[in-house]
Amino acid sequence: MKRKREGFTLVELMVVAVIVAILAAVAIPLMSANKTRAMATEAEAGLGTIRTVLRGMYAETGHYNVDLDGDPITSDDPIDLPGLSTGDLNGKYFLDGDYEMSLQSQTYTLTATGSKADVAAVQITLNQDGDWTRDFEYSP
């Protein structure tokens, strides 16, 4: 009388292990690139928020470096702009202090530089013409 076998053979288990390893080898780099894109997108959103405030000030005063009361803006911290408060630029990867601005009468440069360990290599810059400079490793 033959005994019925149950379970998987060693060969079947090894085939499954190889398939899982191949899937992991493909998926891990893709997910890493997605994280980098998420970091960059968050920085771009923060810079876009600052840009919106600066455009409003420019529409009112005709200058990027003058506040709505006509006083010169000397700070390089965007949180000092009218309409922005502490925490407005905080996200998962970038915090308020990671954003800097350089304002002149008719031009500006905004920069987001990561300060946390996993975003330290990400730096994104935006100017008044809408030109973006992205300095980070990114593989789509």
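Numbers at a glance
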quantity: Size of charge dipole - the stretch 1-89 - debye, nearest 20, with Cβ of Lys, Arg +1 and Asp, Glu -1, no other charges; calculated: 1560 debye
quantity: Extension reserve of the GLU6-THR52 stretch, reckoned as 0.36 nm per residue once the Cα distance is removed; calculated: 9.9 nm
quantity: Among MET101, MET57, MET31: highest mean-square fluctuation, GNM of the chain, C-alpha pairs under 10 Å; calculated: MET31
quantity: Taking the chain and dividing mean pair separation by its residue count, relative contact order in percent (alpha carbons under 8 Å, at least six apart); calculated: 18 percent
quantity: Positive-end residue, the chain charge dipole about Cα centroid, Cβ charges, pick of ASN127, ALA117, MET14; calculated: MET14
quantity: Calculated log₁₀ intensity ratio I(q)/I(0) where the Debye formula runs over C-alpha points of the stretch 60-140, q = 0.26 Å⁻¹; calculated: -1.31
quantity: Relative exposure of ASP131, ASP77, judged by other C-beta atoms within 10 Å (fewest first); calculated: ASP131, ASP77
quantity: In order through the stretch 79-87: 3J(HN,Hα) via Karplus (6.51 cos²θ - 1.76 cosθ + 1.60), integer Hz, x for Gly, Pro; calculated: 5, 7, 6, x, x, 10, 10, 4, x
quantity: Cβ-Cβ FRET estimate between ASP88 and ASP129, R0 fixed at 25 Å, reported to 0.05; calculated: 0.55
quantity: Sequence of VAL66, VAL119 once ranked by neighbouring C-beta atoms within 10 Å, starting from the fewest; calculated: VAL66, VAL119
quantity: Sites ALA25 and ALA117, calculated FRET efficiency, Cβ-Cβ separation with R0 22 Å, nearest 0.05; calculated: 0.30
quantity: Cα-derived Rg over Rh, computed across the stretch 1-61 with Rh taken as Kirkwood radius; calculated: 1.61
quantity: The stretch 110-125 - phi-based ³J(HN,Hα) in whole Hz, Karplus 6.51/-1.76/1.60, Gly and Pro as x; calculated: 10, 9, 10, 10, x, 10, 6, 4, 7, 10, 4, 8, 9, 9, 10, 10
quantity: Residue among ILE19, ILE73, ILE28 with the largest mean-square fluctuation in a Gaussian network model of the chain, springs linking Cα atoms under 10 Å; calculated: ILE19
quantity: Cut-off under 5 Å, modelled amide H: who pairs with VAL122 long-range; calculated: GLY114
quantity: Correct choice for Kirkwood radius over Cα pairs in Å that was computed from the model, options (i) 16.6; (ii) 18.1; (iii) 15.2; calculated: (ii)
quantity: Label-to-label distance, nm, for residues given as GLU60 and GLN104 (7 Å Cα→Cβ offset); calculated: 2.4 nm
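Each value in this text was obtained by applying a stated rule to the coordinates, not by laboratory testing. Given the structure is predicted, the values throughout are model-derived calculations rather than measurements. Counting neighbours? That spans all protein chains shown, and the Cβs are built from the backbone with ideal geometry, glycine included.
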